[in-house]
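The values are calculated or read from the model by the stated rules, or taken from the named source; none is laboratory data. All values reported here derive from a predicted model rather than from experimental measurement. Cβ coordinates were reconstructed from backbone atoms using ideal geometry, including for glycine residues, and neighbour counts include every protein chain displayed. When the accessible area is computed, the model is the full protein with side chains, heavy atoms only, and any ligands, DNA or RNA have been set aside. Shrake-Rupley method; radii C 1.70, N 1.55, O 1.52, S 1.80 Å.
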Amino acid sequence: MAKLRILGIAGSLRAGSYNMGALNAAVELCPDDAEIEIYSIDGFPGFSQDLEAEPPAKVAEFKQAIRAADAILISSPEYNYSIPGVLKIAIDWASRPYGDSAWEGKSAAIMGCSPGAIGTARMQYHLRQVMVFLNMHPLNKPEVMIGHCADKFDANGRLTDEKTREYIGKMLKTLVEWTRRLQA
């Protein structure tokens with residue numbers, strides 16, 4: 001059986017991003033029958049419907065990476081109770097033009113890191129709403145909401161909290177099972 005290809009996307013562009021650290025932990029914890037490629041969404045222009053027929057090269061490359069993946073893993077902070085703008089722009093570009101969405105039918109998992117106590121719950125809820133419209137299939141459980149994240153990573157950005165690593169491992173195992181079930 002071929003390895004399942006998971007595309008990892010961080011919703012934060014910040015150097016030293018905890019969400020990128022969580023994605024790096026996911027790469028380490030990925031089941032043997034899957035692999036994670038992390039894709040940077042840095043450099044996307046603001047979405048313009050005027051450009052969707054001939055999108056920028058970065059957008060075409062992103063859509064190709066999504067289509068080549070079997071599943072999507074998004075790790076994102078929560079900004080203003082919702083999805084960060086840069087992530088929403090990338091999602092919008094890859095869903096356009098209408099009828100040519102790269103997201104169509106993809107299984108997905110969501111996680112997020114926050115210095116606050118609720119660990120991106122509102123962002124995850126809003127992202128799930130977007131995924132419904134995109135006809136994606138996000139996991140319901142296990143949920144991975146990494147609150148008080150500054151205490152869970154070392155100075156090099158490595159996730160050191162064993163309980164959180166355990167949750168990420170369980171989520172990835174479930175994502176692989178869910179994706180294989182949807183593909184069958």
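Here are the numbers:
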{"read-out": "Residue among CYS113, CYS30 that alone is touching a residue at least 40 places away in the same chain (Cβ under 8 Å), farther than 27 Å from ALA184 by Cα, under 15 Å from the mean Cα position of the chain (by Cα) and open to solvent by less than 30 Å² (accessible area, probe 1.4 Å)", "value": "CYS113"}
{"read-out": "Among the residues listed as ARG158, ARG122, the single one being open to solvent by 70 Å² or more (accessible area, probe 1.4 Å) and touching a strand residue (DSSP E or B) at 6+ places or on another chain (Cβ under 7 Å)", "value": "ARG122"}
{"read-out": "Flag if GLY112 is at pLDDT 95 or above and out of contact with any His (no Cβ under 7 Å at 6 or more places or on another chain)", "value": "yes"}
{"read-out": "Condition met for ILE36 (open to solvent by 10 Å² or more (accessible area, probe 1.4 Å), touching a helix residue (DSSP H, G or I) at 6+ places or on another chain (Cβ under 9 Å), modelled with pLDDT of 95 or more and not in a loop (DSSP other than H, G, I, E, B))", "value": "yes"}
{"read-out": "Candidate set from the range 119-151 (those that are in contact (Cβ under 8 Å) with a residue 40 or more places away in the chain and assigned to a loop (DSSP other than H, G, I, E, B)); member that is farthest from ARG181 (Cα to Cα)", "value": "THR120"}
